[in-house]
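Below: the structure, in structure tokens.
The values are calculated or read from the model by the stated rules, or taken from the named source; none is laboratory data. Just so we're clear, the structure is a prediction, and the values are computed from it rather than from any experiment. Here the Cβ positions follow ideal geometry from the backbone for every residue, glycine too, while neighbour counts run over all protein chains shown. Remember, those area values only see protein heavy atoms, side chains included, never the ligands or the DNA or RNA. Shrake-Rupley method; radii C 1.70, N 1.55, O 1.52, S 1.80 Å.
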Amino acid sequence: MNELLPDGGTIRKLWIGETDAYRDHLLRLDGESRYRRFSGAVSDEIIVRHAATASGVGVVVHGFFVDGVLRGAAELRQNGSLFSREAEAAFSIEQPWQSHGVGTELLERTLLSARNRGIKSLRMDCLAENRRMQQLARKFEAEFSFDFGSVTGEVDPPRSTPLSLMREAIADNYGIASAIFELQSRLFRPA
Ligand SMILES: CC(C)(COP(=O)(O)OP(=O)(O)OC[C@H]1O[C@@H](n2cnc3c(N)ncnc32)[C@H](O)[C@@H]1OP(=O)(O)O)[C@@H](O)C(=O)NCCC(=O)NCCS
């Protein structure tokens, strides 16, 4: 797990209290990536407010970390109540780490989380000219029913199984272990 990610990066879920790291990551996006992430121009203030809601109920954010810094994220947000079967997903990877497979890994984790939460329909808004996001979604075509002639993709994740629940639990445990390892390396790094 994670061995193919660039710069020895790791992927794990963000914890409560890491919304500042999410905010800083979103603010670091270059202009074009920011525009694509939010399907339009957004101010810093909107990003700050948006990131603050990431620890809310029904939101799962997977993060891609390099040297303890959040460089990519996939946000899964259930629409309405926690029991809603519909959700939206959005992706953001800082420019130097784009096109290295991070988005593929993040989408796979997001689909697994959606599946284990009983999500029936997962929407990903994306600008019509965003070829890379469309290519990324097409890699999961078996699980998708979408029409990319338009700008929205609809995913229909298969139902959860004991195995899919176990896969997410294993990934979570791996995420905790790698975060502890990362913290220790930073604490004991020679000054
Ligand atoms: C869109 C985004 C999430 C994709 O993630 P990524 O890590 O760059 O993509 P990956 O490296 O996993 O590549 C996924 C697929 O896209 C295609 N792709 C990769 N780089 C590409 C490029 N420069 N141009 C066109 N297609 C490209 C490939 O088909 C690739 O799959 P493959 O390598 O197996 O052939 C990321 O680039 C990003 O955050 N962009 C800015 C914000 C954004 O557009 N968000 C999406 C809207 S929510």
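The three principal axes of the C-alpha atoms in segment 68-111 carry coordinate ranges of 36, 18, 16 Å, sorted with the longest axis first.
The residue among GLY9, ALA41, LEU29 whose Cα reaches farthest toward the positive pole of the charge dipole of segment 1-58, with charges on the beta-carbon of Lys, Arg, Asp and Glu, is ALA41. Rounded to whole numbers, the Karplus 3J(HN,Hα) couplings from phi for segment 97-111 are 9, 6, 6, 10, x, 5, x, 4, 5, 5, 5, 4, 5, 5, 4 Hz, using 6.51 cos²θ - 1.76 cosθ + 1.60 with θ = phi - 60°, and x at Gly and Pro. Based on DSSP H segments of at least four residues, each scored -39500 (n - 2.57), the chain has a per-residue ellipticity at 222 nm of -12500 deg cm²/dmol. Phi-derived couplings, Karplus 6.51 cos²θ - 1.76 cosθ + 1.60 at θ = phi - 60°, listed residue by residue for segment 47-57: 5, 4, 5, 5, 4, 5, 8, 6, 9, x, 5 Hz, with x used for Gly and Pro.
Here the gap between SER39 and VAL69, fully extended at 0.36 nm per residue and compared with their Cα-Cα distance, gives a gain of 8.3 nm.
Remark on LYS120: its backbone amide H falls under 5 Å from those of GLU86, a criterion applied only to residues 5 or more positions apart or on other chains, H modelled at 1.01 Å from N. For the chain, the alpha-carbon coordinates run over 53, 42, 31 Å along the three principal axes, in decreasing order. Across the chain, the longest piece that holds none of the GluC sites (Glu not before Pro) lying in DSSP loops with up to 12 other C-beta atoms within 10 Å covers 4-128. Put simply, the amide H of GLY9, placed in the peptide plane, has no neighbours under 5 Å, leaving out anything fewer than 5 places away on its chain.
Toward the positive end of the charge dipole of the chain, with +1 on the Cβ of Lys and Arg and -1 on the Cβ of Asp and Glu, the farthest Cα among LEU106, SER84, HIS62 is that of SER84. Of the accessible area of segment 15-172, computed with a 1.4 Å probe over protein heavy atoms only, carbon and sulfur atoms account for 53 percent. Comparing PHE64, PHE83, PHE91 in a Gaussian network model of the chain where C-alpha atoms under 10 Å apart are linked, the largest mean-square fluctuation is found at PHE83. Over the Cα atoms of segment 41-87, the radius of gyration divided by the Kirkwood radius equals 1.03; this is the Rg/Rh ratio. Solvent-accessible surface of the chain, averaged per residue with a 1.4 angstrom probe and all protein chains in place: 54 square angstrom.
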